[in-house]
1. If I build a Gaussian network model for the chain, linking alpha-carbon pairs within less than 10 angstrom, which residue out of G72, G135, G113 has the largest mean-square fluctuation?
2. Just check segment 42-151 against the gyration tensor rule for me: Cα atoms, a ≥ b ≥ c as the square roots of the eigenvalues, rounded for a/c under 1.5, and otherwise prolate or oblate depending on whether a/b exceeds b/c.
3. Got a sec to turn the phi values of segment 295-311 into Karplus ³J(HN,Hα) couplings, 6.51 cos²θ - 1.76 cosθ + 1.60 with θ = phi - 60°, whole Hz, x for Gly and Pro?
4. Kindly provide the helix-only [θ] at 222 nm of the chain, computed as the sum of -39,500 (n - 2.57) over DSSP H runs of four or more divided by all residues, to the nearest 500 deg cm²/dmol?
5. Quick one: angle between helix 156-165 and the longest Cα principal axis of the chain, in degrees between 0 and 90, rounded to 10, please.
6. Relative to the longest principal axis of the C-alpha atoms of the chain, give the angle of the C-alpha long axis of helix 190-207, reported between 0 and 90° and rounded to the nearest 10°.
7. In segment 159-234, which GluC sites (Glu not before Pro) fall in coil by DSSP and have 14 or fewer other Cβ atoms within 10 Å?
8. Would you work out the charge dipole size for the chain about its Cα centre, treating the Cβ of every Lys and Arg as +1 and the Cβ of every Asp and Glu as -1, and quote it to the nearest 20 debye?
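Only the coordinates and a few stated rules stand behind these numbers; no lab work does. Computed from a prediction, not measured in an experiment: that's the story for all the values here. Note that we place each Cβ from the backbone using ideal geometry, even for glycine, and neighbour counts take in every protein chain shown.
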Amino acid sequence: MIVIRLFLLRVAAIASLTTIAADQIIACQCGGVHEKNALEVAKLEASGATAIFEGKPERFELQWNVLNAKEGELISAENSGAKRDQWPRMLVTFRVERAYKGDLRPQVQIKTGLGGGDCGAVFAHGLTYLVFASGPSARDLAVSMCSPGGWIGGGSTVATELRYLRKERPVTSDLTPFRPWTAEEFEAKEGQRKRNFEELQKRYAAVTGKICGNVLAQKSRDAHLGILSFLPTAGYSPMEHPTANVNPDGSFCSGRLGPGKYYLYFTRGSDGGPTSGMYYPGVNERNKAGIIEVNAGQIRSDITFKVPMQKTYSVRGIISTNDKSGLAANSVYLALVSLDGGLFPAAYSLPIDFQSSFPLPKVKYFDFENVLPGHYVAYVSVLGQGWYTKKEEVIVTTHMKFISLELLHKK
């Protein structure tokens, strides 16, 4: 699965992500702010933000030119050379509850990454957050996982930021000078840190819920147990969303979920590829899926998810290019991207080697085996500039598909 993971991260070619080798990735790293105490840090953070507000996320939208383009339309196949507005990203719409800085409307849209290594910020639907956003204006804002703020019931840092923004009297910890702790001081405060963490967990449990139940899936000798994804109906990042492993007895239980409505999506695979990709209560299409609602403080434990066996099929074809001179080995990948509202291209990815001369120098054959039924886009990704391909949609039903793709270089 390493190649699959690399392809996902290559597609989301955000500047903060660097691919090093087939099994090593450097994820986003955040720098610290150095001031004399927590209150001074909060002041510095506020001065550097374009907009600051408390609000709840209401809608999450994946934006990517590959998905938005019409079939047959020419789209960029570039990766690191692509324009910034063509990178995959999330657009999160917040309902503003209290504004502190910026000319903000009742609803504000914030851009961020997908998560999973590209510095994208993660928000749970239904919770209230303190948001520090940056950008050229209040109409063009962005955040990352390194941005200040967070869930308003979070730890001491958010509490200090809120006291400063609300013009409340600072507490002792806000004004205590920063200094390294001695080993003795660190050990002495271990009990307090544990109590603080337990109290934080209780607060978070009071405003979130859980979905638990059982998966009834037909056994397959070489298949893995499976994973459940909990996908908010208001939208979700294909790279960063709640998941839970299915236990050997078929039971499952989510982590803490923001209050709201969810689709459940079951995936399972073997060494030969995916064997299941299905929505609760056991359907292929999202428009036929059941919706499960969870409230704050609630644990839903009555879910039974029946997963029938699914047949798989082949997608084969040829890909041609008008110029192979700029296509080094391992610089071209071909993937099937799902359009059925499930997860991002989770399993179907192949390298294309234009350096070989078989069968023809500028024409290569490809073969995806064991493809689950569904609606896909055949997407070509190239490490280099000036590369384009036509959007080709593929509907896998009950028989093998053969397609023809082009990879064009505009000189």
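1. G72
2. On the way: a/c = 2.12, a/b = 1.86, b/c = 1.14.
Prolate is the answer for segment 42-151, as a/c is 1.5 or above and a/b outweighs b/c.
3. 9, 4, x, 9, 10, 7, 10, 10, 9, 10, 10, 8, 10, x, 5, 10, 7
4. Details: 7 runs with 63 residues, N = 411.
Computed ellipticity for the chain at 222 nm equals -4500 deg cm²/dmol.
5. Its long axis makes an angle of about 70 degrees.
6. So the inclination is approximately 70 degrees.
7. Numbers: sites: E161, E168, E184, E185, E187, E190, E198, E199; in loops: E168.
Filter output for segment 159-234: E168.
8. On the way: 47 positive and 39 negative charges, 123 e Å.
Using only the charged Cβ atoms, the result is roughly 580 debye.
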